[in-house]
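One structure below.
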Amino acid sequence: MITIQNIKKSYKKNVALDDVNMTLENKVYGLLGPNGSGKTTLLRIISGLLKADHGSIVFQDKSIQEASIGYLPQKFGVFKELSVYEQLEYYCILKKIPQLQRKESIQEVLESVNLEDMINRHCKELSGGMVRRLGIAQTFLGNPDIILLDEPSAGLDVEERLRFKRILSAKDFPFPIVISTHIVEDVESTCDILIVLKKGKIIYTGTPEDILNHARNHVYELSEKDYHSISFPHYLVKISGEKQKNYRILCDDILNESWKREPEIEDGYMYLVKGPFHEV
Ligand SMILES: Nc1ncnc2c1ncn2[C@@H]1O[C@H](COP(=O)(O)OP(=O)(O)OP(=O)(O)O)[C@@H](O)[C@H]1O
């Protein structure tokens, strides 16, 4: 278990994290939040790359520095002249994986991200999405105590995005996995717990199912004509339909009952982030 207590971090006067507290068990966590809400800063602090101004992170009664951490940064780079095998062997050395175990570990993680055929290719031959998958693979090497993935599915095509979700759903991992993203779709079916950050503060911790309740009675679908006639505060979630367009909105006003819709996870998340829509 990892306990994160009272973490604060500012960049000069800009407060990036404002008293963040959470406990991470052996579950998959989706760290959601709009751009600039503090997700990367939090992951960098947990990984030990960045020092918090205040607070502590404890791993099983010890300092987090003693934990083995698998970390995928937002920008993951490779040594272009190394082969895929050599690149991962380099990570094995950093993670102190004994030489005899390296080959098997490397093959295993490459298979999990569907890159086994690239094992002897130069990293410079990999596409952007393949580099991202190599980045995900290296986090699983060794016996990590925690895995931190900063926007893992950025740049992955639909098939690889689905494969990544399957990896996460396939088994119970013996360590926490934290996935940072601002795309609800990436985490809704794979994460046990969602944590939502807004302006450096946690505004929601709970299951993906419970988050949609935040938008209950706030979701409406209007025709184009009706939508253009409203003037109260609202958030436009999406426009769907071909000929007859439906405008799905979040608002605090009570509208025609026939326009009301059941909330989905994305509605709940957007209401938390954008709402409320009346003066509080
Ligand atoms: N190195 C830095 N120097 C100054 N300010 C920074 C630095 N890194 C982040 N910030 C600021 O801290 C806040 C949180 O940024 P952070 O990158 O952690 O957010 P994020 O949720 O990961 O955003 P995104 O989804 O865009 O990646 C933002 O206001 C950002 O401008």
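Worth pointing out:
- Looking only at segment 26-52, and only at residues there that are open to solvent by 30 Å² or more (accessible area, probe 1.4 Å) and within 20 Å of Tyr269 (Cβ to Cβ), the one that is nearest to the chain's Cα centre (by Cα): Thr40
- Contact annotation: residue pairs with Cβ atoms under 7 Å, 6 or more positions apart or on different chains, pairing a residue in segment 10-37 that is free of Cβ contacts under 8 Å to residues at least 24 places away in the same chain with a partner that is more than 9 Å from the ligand (Cβ to nearest atom) and open to solvent by 10 Å² or more (accessible area, probe 1.4 Å), are Thr23/Met1; Thr23/Thr3.
- Residue in segment 2-25 that is more than 16 Å from the ligand (Cβ to nearest atom) and open to solvent by less than 10 Å² (accessible area, probe 1.4 Å) present: yes
- Only residues that are touching a residue at least 12 places away in the same chain (Cβ under 8 Å) and among the acidic types (Asp, Glu) were counted across segment 58-95, and they come to 2.
- Check on Ile93, assigned by TED's automatic domain parsing to the domain that holds Arg44 and open to solvent by less than 80 Å² (accessible area, probe 1.4 Å): no
- Segments classed as strands (runs of 3 or more DSSP E), wholly inside segment 176-280, with at least 1 members that are open to solvent by less than 80 Å² (accessible area, probe 1.4 Å) and in the same structural domain as Phe140 (by TED's automatic domain parsing): 177-181, 193-198, 201-206
- Residue within segment 53-68 that is more than 9 Å from the ligand (Cβ to nearest atom), modelled with pLDDT of 95 or more and open to solvent by 80 Å² or more (accessible area, probe 1.4 Å) present: yes
- Inclusion of Leu162 among residues that are free of Cβ contacts under 8 Å to residues at least 12 places away in the same chain, of a type in the set (A, V, I, L, M, F, W, C) and more than 16 Å from the ligand (Cβ to nearest atom) is warranted.
- Every residue from segment 250-280 that is under 22 Å from Leu197 (Cα atoms) and among the aliphatic types (A, V, I, L, M): Leu250, Ile265, Met270, Leu272, Val273, Val280
The values are calculated or read from the model by the stated rules, or taken from the named source; none is laboratory data. These numbers were taken from a predicted model, which means no experiment stands behind them. Cβ atoms come from the backbone with ideal geometry, glycine included; neighbour counts cover every protein chain shown. Only protein heavy atoms, including side chains, enter the accessible area calculation; ligands, DNA and RNA are left aside. Shrake-Rupley method; radii C 1.70, N 1.55, O 1.52, S 1.80 Å.
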